[in-house]
């Protein structure tokens, strides 16, 4: 019997369904741990470990020892700073859902901060034969202190990235999302933003001139 839970997200704009068979049966979250700030949540405090769990499952799909069974749920531990200068989050599994603080009630108020780095998230086409990346979803993440771009997209038009209840703030770049074509004539992936907020700090500089 397959157990499925569905989460209504933000103004009824989308419904994410998480299948216990698709997620749990394949043990894609092998490196997820009890969150230090909430013992009731099992999630990630390390982007490297999250990337490795994705990579391991993608390799199994590639060699035929596992079947592609999206969606794949990856919960980021609440009230956590993720140092993105070490490595960006890579989207490696089709149907991956990266949610802040909870699988059932993800929210930007849960405090998942991607901090620093040139590119905090990278999205590229799959390099695995006969395995196409079509979609991924990110919910409740705050992107800050990046120098290049929060999200770097080189995937082609067959892919859609959906961002829900996300925040960009305190960054040092002209780009929050950079979409690049891999070659002339190609179309870039689609990026959908639902309930996104950009917070920009304005510094007023006042110069006083002495009277002569």
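The values are calculated or read from the model by the stated rules, or taken from the named source; none is laboratory data. The shown structure was predicted, so the numbers you read here are calculated from the model rather than taken from an experiment. Quick reminder, even Gly has a Cβ in these numbers, built from the backbone with ideal geometry, and neighbours come from all protein chains shown.
Would you check if residue 133 is part of a loop (DSSP other than H, G, I, E, B) and modelled with pLDDT of 95 or more? Before you say what the answer is, go through the steps one by one.
Numbers: part of a loop (DSSP other than H, G, I, E, B): yes; modelled with pLDDT of 95 or more: yes.
In short, yes.
If a residue has to be under 21 Å from residue 125 (Cβ atoms) and assigned to a strand (DSSP E or B) to count, how many in segment 67-102 make the cut?
Kept after step one, since they are under 21 Å from residue 125 (Cβ atoms), are these residues of segment 67-102: 67-72, 74, 87-98.
Still in the running and assigned to a strand (DSSP E or B): 72, 74, 89-90, 96-98.
Residues that pass the stated criteria total 7.
What tally of residues in segment 19-39 results from selecting those that are over 23 Å from residue 128 (Cβ atoms) and modelled with pLDDT under 95?
4
Which residue, of 201, 188, is modelled with pLDDT under 95 and touching a strand residue (DSSP E or B) at 6+ places or on another chain (Cβ under 6 Å)? I'd like the intermediate steps shown before the answer.
On the way: 201 fails: touching a strand residue (DSSP E or B) at 6+ places or on another chain (Cβ under 6 Å).
None of the others qualify; the one that does is 188.
From (1) farther than 24 Å from residue 134 by Cβ; (2) modelled with pLDDT of 90 or more; (3) not in a strand (DSSP E or B), pick out the condition that doesn't hold for residue 175.
Only one criterion is unmet by residue 175, namely (2).
This table checks each residue for (1) buried (at least 19 other Cβ atoms within 10 Å of the Cβ); (2) touching a strand residue (DSSP E or B) at 6+ places or on another chain (Cβ under 6 Å); (3) on the phi > 0 side of the Ramachandran plot.
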site: 64; (1), (2), (3): no, no, yes
site: 75; (1), (2), (3): yes, yes, no
site: 79; (1), (2), (3): no, no, yes
site: 86; (1), (2), (3): no, no, no
site: 97; (1), (2), (3): yes, yes, no
site: 105; (1), (2), (3): no, no, no
site: 112; (1), (2), (3): yes, yes, no
site: 117; (1), (2), (3): yes, no, yes
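Is it the case that residue 52 is modelled with pLDDT of 90 or more, over 16 Å from residue 97 (Cβ atoms) and assigned to a strand (DSSP E or B)?
Working: modelled with pLDDT of 90 or more: yes; over 16 Å from residue 97 (Cβ atoms): yes; assigned to a strand (DSSP E or B): no.
Answer is no for this residue.
Please go through (1) surrounded by 17 or more Cβ atoms within 10 Å (Cβ to Cβ); (2) in contact with a strand residue (DSSP E or B) (Cβ under 6 Å, 6 or more places away or on another chain) for residue 148 and return the number of the only condition it doesn't satisfy.
Condition not satisfied by residue 148: (1).
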